[in-house]
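Note sheet for the following structure.
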Amino acid sequence: MDDRLAEIALGAAQPALAAIKLAWWRDQLAALDTQPPPPEPLLGQITAELMVAGPTGADCSALAEGWMGVIEEQPDPGPRGRALFALLGKLLGQGNVPGGETFSRADLARRSGNPEWLRKLVPPPAARPVRPITMLDALGRRDAVRFWPPEAEATPGRSWTLIRHRLTGR
């Protein structure tokens, strides 16, 4: 399903045409919760194989809606990644799995051959005057990765994070 939606979003000659096709898929997928699928083989396969494992038509519809964000004037792959991770989480019986934007950006770069999708992952360096403040955010990102057991405040790793951020802004 994701591959078909990718073909539509990335293969259309005009974004408006892609938007119309993605809207059709979104509506058809949402309708699978209340009515049988139309004679489109992929919709029948989704009903027979995917929806019996837990996801609903609305969950599948969210993925089509997420692809709409990719074709907008200011593309945002985040909704597509979040919808895909939520759908996969339901397939695994884990509910909504957070994240997905990084995967979505990397996947779009691979599919389109455009590395710009990946460059947007790296935030621009903080401006020199605000680095004393943004150092706190750098420590927060470090602490988020090393949540348990909590790291002591005066460790070499935390000091290095502060020094590196102060010098580079990253």
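The values are calculated or read from the model by the stated rules, or taken from the named source; none is laboratory data. Everything numeric here is computed off the predicted structure, so don't read it as measured data. Reconstructed Cβ throughout: ideal geometry from the backbone, glycine too, with neighbour counts over all protein chains shown. Side chains are part of the model used for accessible areas, which takes the heavy atoms of the whole protein and leaves out ligands, DNA and RNA. Shrake-Rupley method; radii C 1.70, N 1.55, O 1.52, S 1.80 Å.
One table, with the values for the structure above:
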| quantity | calculated |
| --- | --- |
| Pairwise label distance in nanometres, Arg141 with Ala106, each label 7 Å out on the Cα-Cβ vector | 1.6 nm |
| Convex hull volume of the stretch 30-87 per residue (C-alpha atoms, cubic angstrom) | 77 Å³ |
| Where labels lie 7 Å past Cα in the beta-carbon direction, separation of Leu17 and Leu162 in nm | 5.8 nm |
| Whole-number accessible area per residue in Å² for the chain, which is evaluated in the context of all protein chains at 1.4 Å | 61 Å² |
| Crossing angle, helix 156-168 versus the chain [Cα axis fit, 0-90 degrees, rounded to tens] | 80 degrees |
| Accessible area of the chain belonging to carbon and sulfur atoms, whole % at 1.4 Å probe | 61 percent |
| From the coordinates shown, P(r) over Cα pairs in 10 Å bins from 0, in percent corresponds to which of [x] 10, 28, 26, 18, 13, 5, 0; [y] 10, 37, 41, 12, 0; [z] 9, 30, 27, 21, 10, 2, 0 | [x] |
| On Cα atoms only, tilt of 131-145 relative to the major axis of the chain in degrees | 60 degrees |
| Ala58-Asn114 FRET efficiency (beta carbon distance; Förster radius 41 Å; 0.05 resolution) | 0.85 |
| Loop chymotrypsin sites (Phe, Trp or Tyr not before Pro), the stretch 1-82, which have at most 10 other Cβ atoms in a 10 Å radius of their Cβ (DSSP) | none |
